[in-house]
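Note sheet for the following structure.
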Amino acid sequence: MSIPVDHVLDASGLFCPEPVMLLHNKIRDMEAGQVVQVLATDPSTERDIPKFCTFLGHELLRQEASDGSYRYWLRKQEHAR
């Protein structure tokens, strides 16, 4: 399944809390309905990014982990916090 992406955020090599802080800044500048793909190497993102989506009301479309790399696809929601 291919998900069309509007933005890519490469947080590879960064550690908690930097990936989520960068994501927060990126998603704030996006339009509602746009999709960002996040690339990360910090395993804590498996916990932090889904919590970010739940807390702020954005849609986590998909997440993948493979060989120490983590990828997430998020859709910014219209009335997210």
Report task. Quick one: order Leu9, Leu60 from most to least accessible surface, probe 1.4 Å. Result -> Leu60, Leu9
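Quick one: order His58, His7 from most to least accessible surface, probe 1.4 Å.
His7, His58
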Report summary line: In degrees rounded to 10, the 0-90 angle between helix 45-56 Cα long axis and the longest Cα principal axis of the chain is 20
Report summary line: If amide H atoms are modeled at 1.01 Å from N in the peptide plane, then the residues at a separation of 5 or more from Leu9, or on another chain, having amide H under 5 Å from its own are Gln37, Val38, Leu39
Report task. Starting at the first residue of segment 67-78, write each ³J(HN,Hα) from the Karplus equation 6.51 cos²θ - 1.76 cosθ + 1.60 with θ = phi - 60°, in whole Hz, x for Gly and Pro. Result -> 6, x, 10, 10, 10, 9, 10, 10, 10, 6, 8, 4
Requested in this report: Give me the angle, in degrees from 0 to 90, between the Cα long axis of helix 18-28 and the longest principal axis of the Cα atoms of the chain, rounded to the nearest 10.
Outcome: 20
Report summary line: Heavy-atom accessible area of the chain with neighbours in place, 1.4 angstrom probe: carbon+sulfur share in percent works out to 51
Report summary line: Simple spin-label estimate for Leu61/Ala32, 7 Å along Cα→Cβ, in nm, reads 1.8
Query raised in the report: In deg cm²/dmol and to the nearest 500, what is the mean residue ellipticity at 222 nm of the chain if only DSSP H runs of at least 4 residues count, each as -39500 (n - 2.57), divided by the residue total?
Result: -8500 deg cm²/dmol
Requested in this report: Report ³J(HN,Hα) in whole Hz for each residue of segment 7-12, in order, from the Karplus equation J = 6.51 cos²θ - 1.76 cosθ + 1.60 where θ = phi - 60°; Gly and Pro get x.
Outcome: 9, 10, 10, 9, 9, 4
Query raised in the report: What is the spread of the Cα atoms of the chain along each of their three principal axes, largest first, in whole Å?
Result: 33, 28, 18
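The values are calculated or read from the model by the stated rules, or taken from the named source; none is laboratory data. It should be emphasised that the depicted structure is a prediction, and the values quoted were computed from it without experimental measurement. Neighbour counts run over all protein chains shown; Cβ positions are idealised from the backbone, glycine included. To get the accessible areas, we keep the full protein, side chains included, count just its heavy atoms, and leave off ligands, DNA and RNA. Shrake-Rupley method; radii C 1.70, N 1.55, O 1.52, S 1.80 Å.
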